[in-house]
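Novice: Okay, here's the structure, questions in a sec.
The values are calculated or read from the model by the stated rules, or taken from the named source; none is laboratory data. Quantities reported herein were computed from a predicted structural model and do not represent experimental measurements. Every residue, glycine as well, gets a Cβ built from its backbone with ideal geometry; the counts of neighbours run over all protein chains shown. These area figures cover heavy atoms from the full protein model, side chains too; ligands, DNA and RNA do not enter into them. Shrake-Rupley method; radii C 1.70, N 1.55, O 1.52, S 1.80 Å.
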Amino acid sequence: MAWLATAGGYQVSLQSGEVACRNAAGRTLKSVPSAIREDPVVVGLRQLTEWLARHEASCRTEVERWMVRSLPVPAAVLRSVWPDESWRTALTDLVVAVPDADGAFDPDEVGFLRDVDGSGIGVVNLDGETLRIPANQLLIPHPVLLADLEELREFAADLGVAQSVDQLFRATWSRPATLDPESRRLDGYSGGTFAELRHLLARAAAHGYPVRGGYAVCRVFEAGRTVEARYWVGSEDPSWETETGDLVFTDRAGTGLRLGEVGPVAWSEGVRMAAALYAGRVVEKPEDGE
């Protein structure tokens, strides 16, 4: 970004997302002098950095939503946002696939997204080859759907891939084969004690999970339907002690689902929520001698 003139002969610019300042002699200063901190140009740059930070977070959130929903994204949409650095950063090096008419994809035909233009989608496949795929839409698979997840992780490490959106190294959970498919509740994360409900509510907010009616919720669109994971956190006075309850899954109408009816993405994201909140519980330390 070019240097912009301010009062007192100073010039300011944006460098690495921060407002930088140099004096009339051209020497870059360690900080913006107090004399020009409220200068309209400086204020405008600060507001721009705040907007850029919100924009970058918004791009990451939207791309993560595409991944969790596992819905194809039109190539036209990707081409339109690709010139934007924030969108490009969020999308670059995500594992992508070309879906068929039913929305499924070949697990052997995935690659790391590197480029999008009018001639197609540029990817690097597991053989290290750079390919350009003509496609009308693209899928960003949830990691629980990637059959070669460990191989992809190793390959990403070899390439030095650093994903802006947590995909390959996102914690995933699969439904245990020993679990009763007719059951409607998972109690593995119940009984977590918190000294005050407000502590658990704050933890849910920090992880991006809204709380409604005493439940932390995570909504997933999968296989053509909406499934909501609900994890009991409490609904009493925020200053009172609380204890976590069971994890349940419901359809869009709020009807409880049997655990055997829950798809792999909804299961993984629901348990991921419960595990993240349960991890903040009060853990009693053993007394000396125990």
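Novice: Out of Ala25, Ala75, Ala5, report the one residue that is in contact (Cβ under 8 Å) with a residue 24 or more places away in the chain, open to solvent by 40 Å² or more (accessible area, probe 1.4 Å) and aliphatic (A, V, I, L, M).
Specialist: Ala5
Novice: May I ask you to list the residues in the stretch 228-254 that are closer than 30 Å to Pro181 by Cβ and either modelled with pLDDT under 95 or assigned to a loop (DSSP other than H, G, I, E, B) (or both)?
Specialist: Listed by number, the residues that qualify are Val233, Gly234, Ser235, Thr244, Gly245, Asp246, Asp251, Arg252, Ala253, Gly254.
Novice: Please determine whether any residue of the stretch 172-184 is assigned to a loop (DSSP other than H, G, I, E, B), open to solvent by less than 50 Å² (accessible area, probe 1.4 Å) and of a type in the set (Lys, Arg).
Specialist: Taking every residue of the stretch 172-184 in turn, none turns out to be assigned to a loop (DSSP other than H, G, I, E, B), open to solvent by less than 50 Å² (accessible area, probe 1.4 Å) and of a type in the set (Lys, Arg).
Novice: In the stretch 95-113, is there at least one residue being open to solvent by 30 Å² or more (accessible area, probe 1.4 Å), out of contact with any Lys or Arg (no Cβ under 7 Å at 6 or more places or on another chain), touching a residue at least 12 places away in the same chain (Cβ under 8 Å) and not in a loop (DSSP other than H, G, I, E, B)?
Specialist: No: the stretch 95-113 contains no residue that is open to solvent by 30 Å² or more (accessible area, probe 1.4 Å), out of contact with any Lys or Arg (no Cβ under 7 Å at 6 or more places or on another chain), touching a residue at least 12 places away in the same chain (Cβ under 8 Å) and not in a loop (DSSP other than H, G, I, E, B).
Novice: Would you confirm, using the coordinates I've provided, whether Ala75 is aliphatic (A, V, I, L, M) and under 30 Å from Pro99 (Cβ atoms)?
Specialist: It is true that Ala75 is aliphatic (A, V, I, L, M) and under 30 Å from Pro99 (Cβ atoms).
Novice: Can you name the number of the only condition in (1) in a loop (DSSP other than H, G, I, E, B); (2) loosely packed, with under 14 Cβ neighbours inside 10 Å that Ala205 fails?
Specialist: Looking at each condition in turn, Ala205 falls short on (1).
Novice: Give the stretch 204-228 a look and list any residue that's farther than 19 Å from Ala57 by Cβ and touching a helix residue (DSSP H, G or I) at 6+ places or on another chain (Cβ under 7 Å), or say none.
Specialist: At the first step, the residues of the stretch 204-228 found to be farther than 19 Å from Ala57 by Cβ are 211-217, 219-228.
Of everything in the stretch 204-228, those that are farther than 19 Å from Ala57 by Cβ and touching a helix residue (DSSP H, G or I) at 6+ places or on another chain (Cβ under 7 Å) turn out to be Val211, Ala216, Val220, Phe221, Glu222, Val227.
Novice: Next question, about the same structure. Which one of these is in contact with a strand residue (DSSP E or B) (Cβ under 8 Å, 6 or more places away or on another chain), over 22 Å from Val220 (Cα atoms), modelled with pLDDT of 90 or more and surrounded by 14 or more Cβ atoms within 10 Å (Cβ to Cβ): Val116, Val81, Val68?
Specialist: Matching residue, one of Val116, Val81, Val68: Val116.
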